[in-house]
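To keep things clear, I will list the structure first and then write my remarks on it.
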Amino acid sequence: MGMLTMAKGYRQVVRAQDRHEWLLDSPGKVELYGSKALLLGYGAIGKLVEERLKAFNVDVAVVRRTPGPNTLGPDDWRARLGEFDWILLAVPATPETDGMIGADELAAMKPSARIVNVARGSVIDQQALTTALNEKKIAEAFLDVTEPEPLPSDDPLWTLDNAHVTMHLSGRAQDKMFARSVERFLQNLHRYHAGQPLQPLVDLNLGY
């Protein structure tokens, strides 16, 4: 949704509706088809993101610890940042990911690059991001998460025309989320009584 919102200029469409104005042309003409995305984080969310982007014929490169097809290692992706149209963040918040997108990483991106962060606000140096957006060093950022939360009302991100702040609402599917949680609990309760390992398990060494 974040990628399509930016690609098609949906913010301008909503504002045109508020003005009762019929637009004669699309405010956004960025195509996902054939674009390149760097996906940082390949857990449950990352895998689902990759699957959905295939329908748009987006070329996705994944950053993960273990090697695989179209995969970059933890030490390889920074040197390749300038190749990508989309930088997608779906990593957990750990000491390793804290501030992983900072001024140097933002400077390495192409001016037309767009960031989507559905991870945690701490993985981006928010001041550096604000500066990059304000100076048009990158095109846009779609931020479902910020640092801190709630974002203070006087934070400049609210007023930047190329920042989209969605208040950590992406996972708030209230009619299904709790039902899935109950289902998982009951499955694990069955595993517990059967002496089977619970799923999923947290790796305390990795932090997730």
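The values are calculated or read from the model by the stated rules, or taken from the named source; none is laboratory data. Bear in mind the structure is a predicted one, so any value in this text is a computation, not a measurement. When we count neighbours, we look across all protein chains shown, and the Cβ atoms used for this are built from the backbone with ideal geometry, even at glycine.
Is it true that some residue in the stretch 154-162 is free of Cβ contacts under 8 Å to residues at least 60 places away in the same chain, farther than 25 Å from Arg11 by Cα and of a type outside the set (D, E, K, R)?
No, the stretch 154-162 has no match at all.
For the stretch 46-70, enumerate the residues that are touching a residue at least 12 places away in the same chain (Cβ under 8 Å) and either exposed (fewer than 11 other Cβ atoms within 10 Å of the Cβ) or not acidic (Asp, Glu) (or both).
Gly46, Val49, Leu53, Phe56, Asn57, Val58, Val60, Ala61, Val62, Val63, Arg64
Give the residues of the stretch 156-170 that are within 19 Å of Met3 (Cβ to Cβ), part of a loop (DSSP other than H, G, I, E, B) and out of contact with any Gly (no Cβ under 9 Å at 6 or more places or on another chain), sorted by residue number.
Leu160, Asp161, Asn162, Met167, Leu169
Every residue in the stretch 4-33 that is more than 16 Å from Phe142 (Cα to Cα), touching a helix residue (DSSP H, G or I) at 6+ places or on another chain (Cβ under 8 Å) and surrounded by 10 or more Cβ atoms within 10 Å (Cβ to Cβ), please.
The answer is Leu23, Pro27, Glu31.
Can you say whether Gly82 is more than 23 Å from Asp144 (Cβ to Cβ), of a type outside the set (Ser, Thr, Tyr) and part of a helix (DSSP H, G or I), as far as the supplied structure shows?
When the stated conditions are applied, Gly82 passes them.
Which numbered condition trips up Asp203, out of (1) within 20 Å of the chain's Cα centre (by Cα); (2) of a type in the set (D, E, K, R); (3) closer than 25 Å to Tyr42 by Cβ; (4) exposed (fewer than 11 other Cβ atoms within 10 Å of the Cβ)?
Tallying (1) within 20 Å of the chain's Cα centre (by Cα); (2) of a type in the set (D, E, K, R); (3) closer than 25 Å to Tyr42 by Cβ; (4) exposed (fewer than 11 other Cβ atoms within 10 Å of the Cβ), Asp203 fails exactly one: (1).
Here is a check on your reading of the model: is Glu31 more than 22 Å from Ile101 (Cα to Cα), assigned to a loop (DSSP other than H, G, I, E, B) and not aliphatic (A, V, I, L, M)?
So Glu31 fits the description; yes.
Collect the residues in the stretch 142-197 that are of a type in the set (Phe, Trp, Tyr) and either modelled with pLDDT of 95 or more or surrounded by 11 or more Cβ atoms within 10 Å (Cβ to Cβ) (or both), keeping them in residue-number order.
Across the stretch 142-197, the qualifying residues are Phe142, Trp158, Phe185, Tyr192.
Output the number of the condition that Thr131 fails; it satisfies all remaining conditions of (1) among the hydroxyl-bearing types (Ser, Thr, Tyr); (2) farther than 17 Å from Leu160 by Cα; (3) out of contact with any helix residue (DSSP H, G or I) (no Cβ under 6 Å at 6 or more places or on another chain).
Failed condition: (2).
Conditions tested, residue by residue: (1) in a helix (DSSP H, G or I); (2) within 28 Å of Ala108 (Cα to Cα); (3) aliphatic (A, V, I, L, M).
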site: Val145; (1), (2), (3): no, yes, yes
site: Asp154; (1), (2), (3): no, no, no
site: Arg172; (1), (2), (3): no, no, no
site: Leu189; (1), (2), (3): yes, no, yes
site: Pro200; (1), (2), (3): no, no, no
site: Tyr208; (1), (2), (3): no, no, no
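Select, from Val14, Val60, the only residue that is in contact with a strand residue (DSSP E or B) (Cβ under 8 Å, 6 or more places away or on another chain) and either within 17 Å of Val118 (Cα to Cα) or hydrophobic (A, V, I, L, M, F, W, C) (or both).
Val60
Report whether or not Ile87 is surrounded by 11 or more Cβ atoms within 10 Å (Cβ to Cβ), under 13 Å from the mean Cα position of the chain (by Cα), touching a residue at least 60 places away in the same chain (Cβ under 8 Å) and in the same structural domain as Val116 (by TED's automatic domain parsing).
Against the criterion (surrounded by 11 or more Cβ atoms within 10 Å (Cβ to Cβ), under 13 Å from the mean Cα position of the chain (by Cα), touching a residue at least 60 places away in the same chain (Cβ under 8 Å) and in the same structural domain as Val116 (by TED's automatic domain parsing)), Ile87 does not qualify.
Which numbered condition in (1) surrounded by 11 or more Cβ atoms within 10 Å (Cβ to Cβ); (2) within 30 Å of Pro27 (Cα to Cα); (3) under 18 Å from the mean Cα position of the chain (by Cα) is the only one that Ser122 fails?
Only one criterion in (1) surrounded by 11 or more Cβ atoms within 10 Å (Cβ to Cβ); (2) within 30 Å of Pro27 (Cα to Cα); (3) under 18 Å from the mean Cα position of the chain (by Cα) is unmet by Ser122, namely (2).
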